[in-house]
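Everything on this sheet refers to the single structure shown next.
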Amino acid sequence: MRVFIAGIDGYLGWALAQYMTARGHEVAGADLLLRRQWVEEVGSISAIPIADREERLAAFKAQYGKDLDFRVGDLCDYAFVRDFFQSFQPEAIVHVGQMPSAPYSMMDVEHALWTQTNNVNSNMVILWAMREVVPDAHLVKLGTMGEYGQPNIDIAEGFFEVEYRGRKDRLPFPRLPGSFYHLSKVHDSHNTHFATRIWKLRATDIMQGVVFGTQFEGMVDVPALRTRLDFDQCFGTAINRFCVQAAVGHPLTLYGAGTQKRGFIPLRDALRCLTLACENPAQRGEFRVFNQFSEAYNLVELADMTQQVGTELGLKVEIAHYENPRQELEEHYYNPDRENLLKIGYEPSQDVKSEMKVMIADLLPHKAHILQKSAVLVPDIRWDGTRRRSRAIETSPA
Ligand code: USQ
């Protein structure tokens, strides 16, 4: 299958390009290399050193025996995307090319505006280019579990049956997200759903949980092919940050009580799920929603697991509660469905600790490299638009 990856240079995109190529798919993709710039802007680096585009392409050719059509271009540029679709004729389009950080979007008005403009426009450009060039292709669009927020009822997969004043309908499940970034994904969901209704496009909207991990199935041990792993307050997700902190001897930064619950998914499962979605496409005119996570945990459980794994590896891991820089519910109900991916063959990995162990072992050789940027481990971006470094309020010893 010809698969176009929007955002092919990112954490998911670069790994997916290799995973799908190894499975025999023909992959091409675009990226404006913005993730590298954002991480630099927030004063950080990838914990796992990554190669530049040219080195990546050379290593890709040496490993897989073919050139990768990876073009540098703006996904918000209609002519660029349309022309790429015209030459490549994708059958599946995986859109993982957006600004993915809640704190980055909450920094100030410029970052909020930029996040929503970039994210909503790139998705809109892809929808219009599909309509014009490849109306039969299938869009696999990365959304987020965070679109739903933290409702006090079970979370359905995209749609649910509602009865109101004696009448029933199947309607989109309410979305009450917690940042301007997460809201950009809600807008994309509405726009994508609309495009499937009016133009009969095929689309799968992936409500993905928090991704973690450094490895994926079939990954080869070639430094220039490694995908990035961020640990700063904006682009580092919770488990990735905890494992980096364990590796470098920094206390794990639990925000607030740490009783916030989320769905989590290892990188290896995320790639499997995106591939399964492509290989089992939606019908013409269908808008499917998949809740994509392997298990739900609260942050305290994850910090405890990180500490146990660190101890097994001979590390001293402290857990600290920091003032929560975000406005979010800490005590809340959380029970999302996760059936649609199981129906097409997803078998969730449940061994988070093994994944953490692999990750910490991968990170240990880069301790000095990470420590150059240790200032980014404590958050200072607040949801009221101000900046103030969170203080540690309670530390439990290793
Ligand atoms: N958290 C900590 N300590 C940290 C970092 C985070 O306690 O050092 C807490 C946060 O307060 C939050 C939870 O962990 O309650 C998750 O935070 P996160 O930064 O790992 O995830 P989030 O901001 O929700 O965003 C990430 C990705 C985003 C994706 C989303 C999926 O950056 O692209 O959409 O996970 S979800 O969380 O399901 O919305």
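The values are calculated or read from the model by the stated rules, or taken from the named source; none is laboratory data. Since the structure is predicted, the reported quantities are computational estimates derived from the model, not experimental observations. Note that we place each Cβ from the backbone using ideal geometry, even for glycine, and neighbour counts take in every protein chain shown. What goes into the accessible areas is simple: the full protein's heavy atoms, side chains included, and nothing from ligands, DNA or RNA. Shrake-Rupley method; radii C 1.70, N 1.55, O 1.52, S 1.80 Å.
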Inset, instruction - Could you run the Karplus curve 6.51 cos²θ - 1.76 cosθ + 1.60 with θ = phi - 60° over the stretch 211-220 and give me ³J(HN,Hα) per residue in whole Hz, x for Gly and Pro? - result: 8, 8, x, 10, 10, 8, 4, x, 5, 9
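Taking a 1.4 Å probe, which of TRP38, TRP114 shows the most accessible area, and what order do the others take after it? Present the calculation step by step, with values, prior to reporting the outcome.
Numbers: TRP38 20, TRP114 95 Å².
If we order TRP38, TRP114 from most to least accessible, we get TRP114, TRP38.
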Inset, instruction - Report the residue, chosen from ASN121, ASN152, ASN298, that carries the largest GNM mean-square fluctuation when the chain is represented by alpha-carbon nodes joined by springs under 10 Å. - result: ASN152
Inset, instruction - Taking H placed 1.01 Å from N in the peptide plane, check which residues at least 5 places from PHE160 or on another chain put their amide H under 5 Å from its amide H. - result: LEU171, PHE173
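How many percent of the accessible area of the chain is carbon or sulfur, using a 1.4 Å probe? Write out the running numbers ahead of the final one.
Details: 8100 of 16150 Å².
Its accessible area is 50 percent carbon and sulfur atoms.
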Inset, instruction - Run the dipole for the stretch 349-398 about the Cα centre, Lys and Arg Cβ at +1, Asp and Glu Cβ at -1, nothing else charged, and hand back the magnitude in debye, nearest 20. - result: 280 debye
Inset, instruction - With no solvent and one equal point scatterer placed on each C-alpha of the stretch 123-165, evaluate the Debye formula and give log10 I(q)/I(0) for q = 0.19 Å⁻¹, two decimals. - result: -0.77
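Kindly provide the Kirkwood hydrodynamic radius of the stretch 1-73 in Å, to one decimal, from all pairs of distinct alpha carbon atoms. Can you show the working numbers first?
Working: mean 1/r = 0.0786 Å⁻¹.
With all distinct Cα pairs of the stretch 1-73 included, I get 12.7 Å.
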Inset, instruction - Step through the residues of the stretch 97-103 one at a time and calculate ³J(HN,Hα) from phi using the Karplus curve (6.51 cos²θ - 1.76 cosθ + 1.60, θ = phi - 60°), rounding each to whole Hz and writing x for Gly and Pro. - result: x, 10, 7, x, 10, 5, x
Inset, instruction - Enter the Cα centre distance for the pair the stretch 349-386 and the stretch 193-270, rounded to the nearest angstrom. - result: 12 Å
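Please report, in cubic angstrom per residue, the volume enclosed by the convex hull of the alpha-carbon atoms of the stretch 114-224.
So the per-residue hull volume is 176 Å³.
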Legend entry - Most to least accessible of GLU394, GLU331 (protein chains only, probe 1.4 Å): GLU331, GLU394
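Express in % the proportion of alpha carbon pairs of the chain at distances exceeding 29 Å.
Values: 32353 of 79003 pairs.
In whole percent, the long-distance tail amounts to 41.
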Inset, instruction - Quick one: accessible surface of LYS261, probe radius 1.4 Å, all protein chains present, in square angstrom to the nearest 10. - result: 70 Å²
Inset, instruction - Mind pulling the per residue volume of the convex hull built on the Cα atoms of the stretch 20-171? Å³ is fine. - result: 191 Å³
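Evaluated at 10 °C with a viscosity of 1.306 mPa s, what Stokes-Einstein diffusion coefficient in µm²/s does the stretch 247-307 have when Rh comes from the Kirkwood expression over alpha-carbon pairs?
Numbers: Rh = 14.3 Å.
It diffuses with D of about 111 µm²/s by this estimate.
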Inset, instruction - Could you run the Karplus curve 6.51 cos²θ - 1.76 cosθ + 1.60 with θ = phi - 60° over the stretch 294-303 and give me ³J(HN,Hα) per residue in whole Hz, x for Gly and Pro? - result: 8, 8, 9, 9, 9, 5, 5, 4, 5, 5
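Could you size up the charge dipole of the stretch 203-244 around its Cα centre, putting +1 on the beta carbon of Lys and Arg and -1 on that of Asp and Glu, and report it in debye to the nearest 20?
Values: 3 positive and 5 negative charges, 22 e Å.
Here the stretch 203-244 has a charge dipole of around 100 debye.
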Inset, instruction - Return the distance in nm (one decimal) between the two label points of a simple spin-label model at HIS190 and ARG387, each offset 7 Å from Cα along Cα→Cβ. - result: 3.2 nm
Legend entry - Area of THR395 that stays accessible when all protein chains are in place (1.4 Å probe, Å², to 10): 70 Å²
Inset, instruction - Extending each Cα 7 Å along its Cβ direction at VAL222 and GLU323, get the distance between those two points in nm, one decimal. - result: 4.8 nm
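Give me the number: length gained by fully extending GLU55 to ASN152, i.e. 0.36 nm times residue separation minus the C-alpha to C-alpha distance, one decimal in nm.
Details: separation 97, 0.36 × 97 = 34.92 nm, distance 4.84 nm.
Extra length from GLU55 to ASN152 when fully extended: 30.1 nm.
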Inset, instruction - Using amide H atoms built 1.01 Å from N in the peptide plane, name the residues 5+ places from GLU26, or on other chains, whose amide H lies under 5 Å from its own. - result: ARG2, VAL3
Inset, instruction - Please find the FRET efficiency linking GLN372 to LEU33, where r is the Cβ-Cβ separation and R0 is fixed at 22 Å, and quote it to the nearest 0.05. - result: 0.55
Inset, instruction - Sorted from largest down, give the three principal axis spans of the alpha carbons of the stretch 300-373, whole angstrom values. - result: 44, 33, 23
Inset, instruction - Between GLU26 and LEU113, take the C-beta separation as r, use R0 = 30 Å, and let me know the FRET efficiency to the nearest 0.05. - result: 0.20
Inset, instruction - Please give the per residue accessible area of the chain, computed with a probe of 1.4 Å over protein heavy atoms only, in Å². - result: 41 Å²
Legend entry - Amide H partners (placed H, <5 Å) of PHE212, local residues excluded: ILE265, LEU267
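Figure the gain on full extension for GLU295 and SER396 (residue separation times 0.36 nm, minus the Cα-Cα span) and round it to one decimal in nm.
My answer for the length gained is 33.8 nm.
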Legend entry - Sequence-distant lysines (8 or more away, or on other chains) whose Cα lies within less than 16 Å of LYS185: LYS141
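Given a Förster distance of 45 Å, report the FRET efficiency between GLU312 and ARG170 from their Cβ-Cβ distance, rounded to the nearest 0.05.
On the way: r = 48 Å, r/R0 = 1.06.
It comes to 0.40.
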Inset, instruction - Give the ranking of LEU267, LEU32 by solvent-accessible surface, highest area first, calculated with a 1.4 Å probe. - result: LEU32, LEU267
Legend entry - Separation of the ARG2 and LYS343 label points, Cα + 7 Å toward Cβ, nm: 3.0 nm
